[in-house]
Amino acid sequence: MITMAFMGACQSNPNKNSAKQLAADADNAGLKLPEGFSALVYADDIGRARHLAINTNGDVYVSLSNKKKGGGIVCLRDENKDGRADIIKYHGVYDGTGIKINNGYVYFGSDQMVVRYKLTEGELLPAAKPEVIAKGFDDQNQHAAKPFTFDQAGNMYVTVGAPSNACQLEDRTKGSPGMDPCPLLAMHGGIWRFKADVLNQDQAKDGYRYATGIRNALAITWNTVENKLFALQHGRDQLGSFYPELYTKEQSAQLPAEEFLSVSEGSDFGWPYSYYDPIQNKKVLAPEYGGDGKKPGRPDAEDPILAFPAHTAPNDVLFYTGSMFPEKYKNGAFIAFHGSWNRAPLPQEGYYVAFVPFKDGVPSGAWEIFANGFAGIDVVTNPGDAKHRPCGLAQAPDGSLFVSDDSNGRIYRIAYK
Amino acid sequence: MSSIVKQLIFSVVLGVFVISHQESRGANNTGSVRSEPLAKEISGNQPGKTAAKEHPGKAAYTKYCLVCHQANGSGVPGMFPPLGKGSWAGRDPKELVLIITKGLSGKIEVNGEVYKSAMPPQAYLTDKEIADILTYIRSDFGNSFKPVDVEFVKKVRSGK
């Protein structure tokens, strides 16, 4: 690797020479991938790139959590078809996370609104003026991101994260009890359904609480084959900080699991009263509600379909429907794990894209790490040390997988030979 | 033989001489107690090896602050601000004490980045813990600001 880099430095940049060919980067953009897969840097340093959506003509739209060059949406086009963006424009006055293309519009979720911009066939930039689809969301200082997805019946499903860790009376404060019942669940901590094409819907008046007991589902997607909603939750933090008498540092780093949820109308996954313990393989009562690490969770809490390592922060999920990747990936789920911050003093976890095989709508085998190496270091101690952190996923028309990084604004394109 | 090794051998010989003298006087000390100061002395004579004592604030920082602000004070991008160079560590200590005891919410800017997570109050910390933590932060992570003493923290918390 070092020799190659040295040679590359001595000669002219090999990437520049091969600019016209649709070839992967020599080092696969720094990623470790399974046999037969390759990667290239589609775009770099575009801003705090959160989620992304790809149009049928290959144009890419990326949401930024902080505006750059006056825009919160990055619009990218690969005009000379070399696999890399050569037209990059900034658009839209809002910043945020949620972004999807639906019915000829780019929908965008800022923290307190979901808006949409009309796309014109052949044009990269959407309309200048947005329309408001859903509004009235609370001003929150945590879990404020509004990702969303669409079903095939004209509905939009929006994650409304809870502005809280464990619904304590005083958030993240040792000794403060959990509020029972948790009043936040009325308007937060779940998934709200709206009409996809009705303007100015208000969360309280027009939104429908489709599912509850979900702390913050940044990863949310409609599985078009199973016609079902799936999501992953960011589990609660700091069991060990607030209950050191119940949890060691190691247990605090390993609990609770990040839950992969199969979501139906009326689902209740138990937050804040319960969390999923992947070692005991059951929902356990949260200490804020009288739990001791062993008492079972409240009976109405649904189990996840799969449990992932604690605090790894699943930021996006995508069911693969393309034909480029080998058969085993068809209809399976890719998940972008943003990476933990609160496993310290143990090493952090995540910072990779995982894959879960599915058959008939349920996981059919063990999950695996699909793409690794985003962080650029083997062991992440401090999240700030990670060079890149996977945040968003999108499937291109040719079946390649795009991954966005919100640390340094890199967009990766992963392809199969 | 290097001069360091010569020094080392001299120290050992001297130490053994001192110990044997004390033993002959019928001292109650056990051998292990007496070898402790000897070990410290040897390490003190070796260049580059100081018996560095950990800053008292480090343990408290590790227990209460590290989970969010991280072991190297770098914080978490987009969530919790860093505490190193360019951060708020060099601000008026009175402000820093109040941040710890009352918490901090609303949008702030540190090193060109915007943060809007709320820091919960850590009012349960003792005056000494707060003084030690602030002094540690202000002298580590690339900072070198004046220490904060217990009397000052007491004064701030009493509202003066």
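Points to keep in mind about this one:
- Identity of the residue in segment A:379-393, out of contact with any strand residue (DSSP E or B) (no Cβ under 8 Å at 6 or more places or on another chain) and more than 11 Å from chain B (Cβ to nearest Cβ), that ends up surrounded by the fewest Cβ atoms within 10 Å (Cβ to Cβ): A:Val379
- Residue, surrounded by the fewest Cβ atoms within 10 Å (Cβ to Cβ), within segment A:36-63, restricted to residues that are part of a loop (DSSP other than H, G, I, E, B) and within 14 Å of chain B (Cβ to nearest Cβ): A:Gly47
- Among residues of segment A:206-241, those that are not in a loop (DSSP other than H, G, I, E, B) and not aliphatic (A, V, I, L, M), counted: 12
- Hits in segment A:253-271 (condition: out of contact with any Leu (no Cβ under 7 Å at 6 or more places or on another chain) and closer than 21 Å to A:Arg343 by Cβ): A:Gln254, A:Pro256, A:Ala257, A:Trp271
- Residue list for segment A:242-267, restricted to those being outside any loop (DSSP other than H, G, I, E, B), out of contact with any Lys or Arg (no Cβ under 7 Å at 6 or more places or on another chain) and not basic (Lys, Arg): A:Glu250, A:Gln251, A:Ser252, A:Gln254, A:Glu258, A:Glu259, A:Phe260, A:Leu261, A:Val263, A:Ser267
- Test for B:Arg91: is it charged (D, E, K, R), touching a helix residue (DSSP H, G or I) at 6+ places or on another chain (Cβ under 6 Å) and more than 30 Å from A:Gly161 (Cα to Cα): no
- Within segment A:109-149, if we keep just the residues that are among the aromatic types (Phe, Trp, Tyr) and touching a Lys or Arg at 6+ places or on another chain (Cβ under 7 Å), the residue that is farthest from B:Ser117 (Cα to Cα) turns out to be A:Phe148.
Conditions tested, residue by residue: (1) under 22 Å from the mean Cα position of the chain (by Cα); (2) modelled with pLDDT of 95 or more; (3) within 14 Å of another protein chain (Cβ to nearest Cβ).
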| residue | (1), (2), (3) |
| --- | --- |
| A:Ile73 | yes, yes, no |
| A:Ile87 | no, yes, no |
| A:Thr97 | yes, yes, yes |
| A:Lys100 | yes, yes, no |
| A:Val114 | yes, yes, no |
| A:Lys118 | no, yes, no |
| A:Lys129 | no, yes, no |
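- Helices (runs of 4 or more DSSP H) completely within segment B:52-132 that count 3 or more residues being more than 10 Å from chain A (Cβ to nearest Cβ) and closer than 17 Å to B:Ser158 by Cβ: B:93-102
Condition check ((1) over 13 Å from A:Gln112 (Cα atoms); (2) in a loop (DSSP other than H, G, I, E, B); (3) more than 23 Å from the chain's Cα centre (by Cα)) across all residues:
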{"residue": "A:Gln142", "(1), (2), (3)": "no, yes, no"}
{"residue": "A:Thr159", "(1), (2), (3)": "no, no, no"}
{"residue": "A:Lys174", "(1), (2), (3)": "yes, yes, yes"}
{"residue": "A:Asp180", "(1), (2), (3)": "yes, yes, yes"}
{"residue": "A:Arg193", "(1), (2), (3)": "yes, no, no"}
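- Looking across segment A:226-239, just one residue is surrounded by fewer than 19 Cβ atoms within 10 Å (Cβ to Cβ) and within 13 Å of chain B (Cβ to nearest Cβ), and that is A:Gln238.
The values are calculated or read from the model by the stated rules, or taken from the named source; none is laboratory data. Note that the structure is predicted; figures quoted are calculated from it, not measured. Neighbour counts run over all protein chains shown; Cβ positions are idealised from the backbone, glycine included.
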